[in-house]
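J.: Sharing a structure, written as structure tokens. Questions coming.
The values are calculated or read from the model by the stated rules, or taken from the named source; none is laboratory data. Treat the numbers as computed from the prediction; the structure is a model and nothing was measured. Virtual Cβ from ideal backbone geometry, glycine too; neighbours counted across all protein chains shown. When the accessible area is computed, the model is the full protein with side chains, heavy atoms only, and any ligands, DNA or RNA have been set aside. Shrake-Rupley method; radii C 1.70, N 1.55, O 1.52, S 1.80 Å.
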Amino acid sequence: VAINHFGDCCYFGTNGQQKDVPRAITLWTKAAELGSIKALFNLGIRYENGDGVEQDKAKAVQFYKKAAMHGWVEARHNLGCCEVRMGNSDRAVRHFLISAKMGHKNSVE
């Protein structure tokens, strides 16, 4: 948890840290290796958008899947969005239904 939080501080430049996206990516990677679900989600977002790393949609999906398997509702929703973009509407609906049942309002809309 602490390593992921430190990564957040570096990414946003908060709590006395300079904004340092590459350092945030390194910290989130370490936190993910140590089991941080939020770090997996953070990395998914960065790889999906190419923010601080080279854009890699497949890698983003891998991070989202790992986080979703551990119950991170936003990761499940983002998997649905990724499936829509890939033209897999049946899979997208399944992800959206799961995240909606978990309380994610955007999955319902």
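J.: Could you say which residue among 49, 15 is within 11 Å of the chain's Cα centre (by Cα) and either among the polar types (S, T, N, Q) or more than 30 Å from residue 100 (Cβ to Cβ) (or both)? Steps first, answer last, please.
T.: On the way: 15 fails: within 11 Å of the chain's Cα centre (by Cα).
Testing whether each residue is within 11 Å of the chain's Cα centre (by Cα) and either among the polar types (S, T, N, Q) or more than 30 Å from residue 100 (Cβ to Cβ) (or both) leaves just 49.
J.: With respect to residue 48, determine if the residue is at pLDDT 95 or above, at negative phi and outside any helix (DSSP H, G or I). Before the answer, list the steps.
T.: Values: at pLDDT 95 or above: yes; at negative phi: yes; outside any helix (DSSP H, G or I): no.
Criteria not met by residue 48.
J.: Continuing with this model, one more query. What number of residues within the stretch 60-74 satisfy the criterion of being closer than 20 Å to residue 1 by Cα and either assigned to a helix (DSSP H, G or I) or within 8 Å of the chain's Cα centre (by Cα) (or both)?
T.: Counting residues in the stretch 60-74 that are closer than 20 Å to residue 1 by Cα and either assigned to a helix (DSSP H, G or I) or within 8 Å of the chain's Cα centre (by Cα) (or both) gives 9.
J.: While we're looking at this one, here's another question. Quick one: which of 30, 38, 57 is out of contact with any Phe, Trp or Tyr (no Cβ under 6 Å at 6 or more places or on another chain), more than 17 Å from residue 3 (Cα to Cα), open to solvent by 30 Å² or more (accessible area, probe 1.4 Å) and not polar (S, T, N, Q)?
T.: Working: 30 fails: more than 17 Å from residue 3 (Cα to Cα); 38 fails: more than 17 Å from residue 3 (Cα to Cα).
None of the others qualify; the one that does is 57.
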